[in-house]
Amino acid sequence: MEPPHPPPSSHDGTGDTGEGRYGEAVFPPERAGEDERIDLGALAYDETTLARLERLGAGPGWHCLEVGAGTGTVARRLLDRAGVESVLAVDRDVRFLSARPAPGLTVMEADITAPDFDPGRFQLVHARFVLMHLPARRELLARLAGLLAPGGVLVLGDAVDLTSAVAADTPYTRTMRAMWQGLKDTIGTDVTWVPEYPRLLREAGLTSVAAEMYVPPLLPGSAISRFWADTWSRARESMTATGLVDDATVTEAIRCLESPDCAELSAGLITAWGRRPGDGPSGV
Ligand SMILES: C[S@@+](CC[C@H](N)C(=O)[O-])C[C@H]1O[C@@H](n2cnc3c(N)ncnc32)[C@H](O)[C@@H]1O
């Protein structure tokens, strides 16, 4: 039977569904293996992210803010690969960041939605897979833009769901849709507005706005296939609670990810950026 599709989003960016918070209702950091799950996502997307940050000019002399830094893979690679001067890595739970110190890396435990969150001014402000989980995203995006030094660049990366209404009805597509719906119901995650990033960055007063998308291939044993399998195992309860899937469907979808016959599309990463007008660093 064709499962019902999630109701259309209001696109208002208010995150008005889901009372819980990331790290509480789902993906608690104290649960064993949560750092490995985040690392698998990072392994799948870091190369794309770092290449873009470097093309935007991240390098020697830059002071950077990594928002919702997770395990800190981007923060550390900005330092040791791009050679930036410093990175302030902020997260509401810094246990993974503190466990992996690096020269030039400062760790700050803070809730970025707090009204008094004002850690300074930076040449680069970067947030990946963070804003999509948070309420009041429009305001948050504008506040992050306000943390840029003149000429600095705000770079936002978030997921785009490619299991559209016309995608085949398979255990994989049903499970992927149930995951987004379950996250929306529990913590208010909403990826439907992510394609609007370029417009929102422009509205926040930034210039030289552009965006790109990367979709990692779902190959058996790949970091991205393992990431979805682990994510679905951990979020299974919120997914089955949507009524869109049952346990058996999720198990079948995970089996699909492990099969050479898997013929599905991962969620993509949209990376969008814009620059604060004024003299400062240059890049393309
Ligand atoms: C999906 S993980 C992404 C981690 C990292 N940015 C990456 O791409 O690998 C989301 C991260 O955002 C953090 N986070 C969520 N809400 C936050 C908030 N309100 N303030 C600070 N960090 C938050 C979580 O603790 C988690 O580490």
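Here are the numbers:
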quantity: Residue under evaluation P281, criteria (1) modelled with pLDDT under 95; (2) farther than 23 Å from F27 by Cα; (3) open to solvent by 60 Å² or more (accessible area, probe 1.4 Å); (4) not basic (K, R), criterion not met; calculated: (3)
quantity: Flag if T175 is under 15 Å from the mean Cα position of the chain (by Cα) and part of a helix (DSSP H, G or I); calculated: no
quantity: Index of the failed condition, P195 passing every other in (1) open to solvent by less than 30 Å² (accessible area, probe 1.4 Å); (2) at pLDDT 95 or above; calculated: (1)
quantity: Within the range 22-80, tally of residues that are of a type in the set (A, V, I, L, M, F, W, C) and open to solvent by 30 Å² or more (accessible area, probe 1.4 Å); calculated: 5
quantity: Matching residues, the range 125-142, being open to solvent by 20 Å² or more (accessible area, probe 1.4 Å), out of contact with any Leu (no Cβ under 7 Å at 6 or more places or on another chain), assigned to a helix (DSSP H, G or I) and not small (G, A, S); calculated: E139
quantity: Unique match (being out of contact with any His (no Cβ under 7 Å at 6 or more places or on another chain), within 29 Å of E203 (Cα to Cα), surrounded by 21 or more Cβ atoms within 10 Å (Cβ to Cβ) and modelled with pLDDT of 95 or more) among V84, V155; calculated: V84
quantity: F122 vs. criteria within 10 Å of the ligand (Cβ to nearest atom), open to solvent by 10 Å² or more (accessible area, probe 1.4 Å) and touching a strand residue (DSSP E or B) at 6+ places or on another chain (Cβ under 8 Å); calculated: no
quantity: Test: residue in the range 232-243 that is over 25 Å from G33 (Cβ atoms) and not in a helix (DSSP H, G or I); calculated: yes
quantity: The listed residue being at pLDDT 95 or above and among the polar types (S, T, N, Q), out of S233, S266, S238; calculated: S266
quantity: Residues (within 17 Å of the chain's Cα centre (by Cα) and either open to solvent by less than 10 Å² (accessible area, probe 1.4 Å) or touching a residue at least 60 places away in the same chain (Cβ under 8 Å) (or both)) located in the range 201-225; calculated: L201, A211, E212, Y214, P216, A223, I224, S225
quantity: Number of the exception - D80 against (1) in a loop (DSSP other than H, G, I, E, B); (2) over 19 Å from the mean Cα position of the chain (by Cα); calculated: (1)
quantity: Residue within the range 143-150 that is on the phi > 0 side of the Ramachandran plot, within 14 Å of the ligand (Cβ to nearest atom) and surrounded by fewer than 19 Cβ atoms within 10 Å (Cβ to Cβ) present; calculated: no
quantity: V107 vs. criteria within 8 Å of the ligand (Cβ to nearest atom) and either out of contact with any Gly (no Cβ under 8 Å at 6 or more places or on another chain) or more than 22 Å from A267 (Cβ to Cβ) (or both); calculated: no
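The values are calculated or read from the model by the stated rules, or taken from the named source; none is laboratory data. Keep in mind that this is a model prediction, so the values were computed, not measured. Every residue, glycine as well, gets a Cβ built from its backbone with ideal geometry; the counts of neighbours run over all protein chains shown. For the accessible areas, the whole protein counts, side chains as well, though only heavy atoms, and no ligand, DNA or RNA atoms are used. Shrake-Rupley method; radii C 1.70, N 1.55, O 1.52, S 1.80 Å.
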